[in-house]
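Structure first, commentary second.
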Amino acid sequence: EEIMAHSSNVSSVVLGKGSGRMLATGGDDCRVNIWSVSKPNCIMSLTGHTSPIESLQVNPNEKLIVAGSRSGSIRVWDLEAAKVLRSLPGHKANICSLHFHPFGSFVASGSLDTNIKLWDVRRKGCIFTFKGHTEAVRCLRFSPDGKWVASAADDHTVKLWDLTAGKLMFEFTGHTGPVNVVEFHPNEYLLASGSSDRTVRFWDLEKFQVVSCIEEEATPVRCVLFNPDGCCLYSGFQDSLRVYGWEPERCFDVVLVNWGKVADLSISNNQLIGVSFAQSTVSSFVVDLSRVPKSDSIPHGLIRDDQPLVPPTPTGSSLRRIYDRPSTSCSKPQSRVKHNSESERHSPSSEDDRDEKESKAEIQNQEDYKEIFQPKNAICRTPPRSEPFPAPPEDEPGTAKEAVKPSQAVDVQTSLPKQELVRTVIFQRPPIASSTSLTRTEPSVIPAARNEPIGLKASDFLPAVKNQSQTELVDDEAMSQIRKGHETMCVVLTSRHKNLDAVRAVWSTSDIKNSLDSAVAINDLSVVVDLLNIVNQKPSLWKLDLCTIVLPQIEKLLQSKYESYVQTGCTSLKLILQRFLPLITDILAAPPSVGVDISREERLHKCKLCYKQLKNISNVVKNKSGLSGRHGSAFRELLLLMAVLD
């Protein structure tokens, strides 16, 4: 079988959301190639564009595909008929974003010319032209009920447009960089947006206000996708997949995925499929979602011990209004559609007919094409259930497993693939321990939330019953047993209270640095933890002097057996890395100054001291990054932030 491949770099990649198995790629060679994620051969190659492909989108039932080019032209292909369906000219610059209506025959397009157009694919006309953005429109999404469309642009804004009225509903501001992606919640009136400013924001579409904001991530977010039941948001970054909640804002898990320029995400058979591209190579990755914590796990990083956890909203219930979906698939009533003027609408012409004749679909794999796009139709049109990708073999806990060799990826620069089409990576989580009863021992890590004291049993406080019939205790005997150890505990708590009073007195008469010095001098980690929990709430209090004092204590906290101590240490270390690591590396890399600059020399000395301490801590983080649970995820996140130290 001859495989038609791109003759130049890949410029756009998209997954079919229906099955997660259909992959479309667009290249600088002006072609659109259709692939099956699980097979190595190109199924079909679509031609007709005269400039490089900039954007692609597949409709929900995977029967149509639309492609936008650098010249501003749009073409819609019918994959079952293997022919071009429509040619939609109208934009004056690059097509940056496309999206199909969830149940109508409409396509929305966003362009570098800052305009958004809504097209009727059947009538070959432009229904709306929305104007309001001042820079390129990077992402478009229809709401689940099909009444709204959200747009994200390089002008740092997210706009919500009402399709029934043909006007702007609301403009969301708050991002400080270009907004790359936007996504509607599948059920609730909630919108998520990701920006180059490394933040993910959640917007309430009833109150038109921000619900929560996840800030200061390591790299800009490239794509987002809600779980089908709406319990969490998956965010694709350059080197990881992060699972977020929003009320309150929290990160459930971080999965290390070195997919680089991740372009699209899809969910099928409880597996998340991600695709990325670099130059002429396209790779796909698979993450087993059954091994990734969602809302049923305890979050890490963004929640402190002194804040109560908000229980997850049960599936099927909502705190917000739910979309009203139509019972049947039909387009909008004609009376509710505000058309452009006849001069703006596009009508068929001889030039369009010539373009459609020049556009063609070259079927490279007839067998796969018939199997996927022309199945034998039965009375029931329900598509066959696709089998999930094979799970990886069991291996060491916390390791990543590859279903094929790392070098097996799509090579679209030659006429034949070098090895395989797909590079499928399944990230294996540690195996679940068996329920076999074992000898009860004191845990190596003491959890922050527990219902009983560690190492204590209620039976230890009760007198031994010589006669089984004598089960009643006299009040005096019961009180004497309860008082065992009470005086010792009172002494411990009184001492801690006295230490905290001393630290507070220093803070009120001096500054935070002296109070931290006094807390460290007391040589009680519990006092340091209490103080750090306060300082972590106000990042503005952090200075370089503070880092030199706190970092040695953080190294002790990360190795503590108490979960709350480890969590506080992780939060403080993350804050230091985000705020001071770029400064430390820049100062250490700067050339020596001419003359004597005492303040610069002091700053350089502090940076060297912090760098040395961070290198020591990085060894602890590396050793702990293989752990399971939320602490393993927190250590893996810190390991990414500390990568520059290597």
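The values are calculated or read from the model by the stated rules, or taken from the named source; none is laboratory data. Quantities reported herein were computed from a predicted structural model and do not represent experimental measurements. All Cβ positions, even for glycine, are placed from backbone atoms using ideal geometry, and neighbour counts span all protein chains on display. The protein model used for the area step is the full one, side chains on, heavy atoms only, and it has no ligands, DNA or RNA in it. Shrake-Rupley method; radii C 1.70, N 1.55, O 1.52, S 1.80 Å.
Quick one: length gained pulling LYS294 to VAL594 fully straight, 0.36 nm per residue minus the C-alpha distance?
Working: separation 300, 0.36 × 300 = 108.00 nm, distance 5.50 nm.
Length gained between LYS294 and VAL594: 102.5 nm.
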Zone of LYS543's modelled label, taken as backbone nitrogen in the range 568-599 under 16 Å from a point 7 Å along Cα→Cβ: 580, 599
Mean separation of Cα contacts under 8 Å, 6 or more apart, over the residue count of the range 2-288: relative contact order %: 10 percent
Given a 1.4 angstrom probe, what's the average accessible area per residue across the range 488-642, in square angstrom? 50 Å²
Would you tally the net charge around ALA519, using a Cβ to Cβ cut-off of less than 14 Å, leaving ALA519 out, and scoring K and R as +1, D and E as -1? 0
Taking 7 Å along the Cα-to-C-beta vector as the label spot, tell me the LEU609-LYS83 distance in nanometres, rounded to one decimal. 7.8 nm
Cα atoms only, the range 229-286: Rg and Dmax in Å? 12.2, 41
Segment ARG320-GLU601, extension gain: residue separation times 0.36 nm, minus the distance between their alpha carbons: 95.5 nm
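Among the listed pairs LYS498/LYS561; LYS556/LYS624; LYS513/LYS538; LYS561/LYS622; LYS207/LYS538, which are separated by more than 19 Å between their Cα atoms? Walk me through the numbers on the way to the answer.
Working: LYS498/LYS561 24 Å; LYS556/LYS624 13 Å; LYS513/LYS538 14 Å; LYS561/LYS622 17 Å; LYS207/LYS538 28 Å.
Exceeds cut-off: LYS498/LYS561; LYS207/LYS538.
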Taking only the alpha-carbon positions of the range 588-646 and ignoring solvent, what does the Debye formula give for the base-10 log of I(q)/I(0) at q = 0.16, 0.29 Å⁻¹? -0.61, -1.13
Taking r as the C-beta separation of THR134 and GLU487 and R0 as 60 Å, the FRET efficiency to the nearest 0.05 is 0.25
Given the convex hull over the Cα atoms of the range 137-208, what projected area results after averaging over all orientations, in nm²? 4.2 nm²
Gain on full stretching of the segment that runs from ALA643 to ASN9 - 0.36 nm per residue minus C-alpha separation: 225.3 nm
Taking all protein chains in place and a 1.4 Å probe, what share, in percent, of the accessible surface of the range 2-288 do carbon and sulfur account for? 44 percent
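From the C-alpha coordinates alone, can you work out the Kirkwood hydrodynamic radius of the range 2-288, in Å?
18.9 Å
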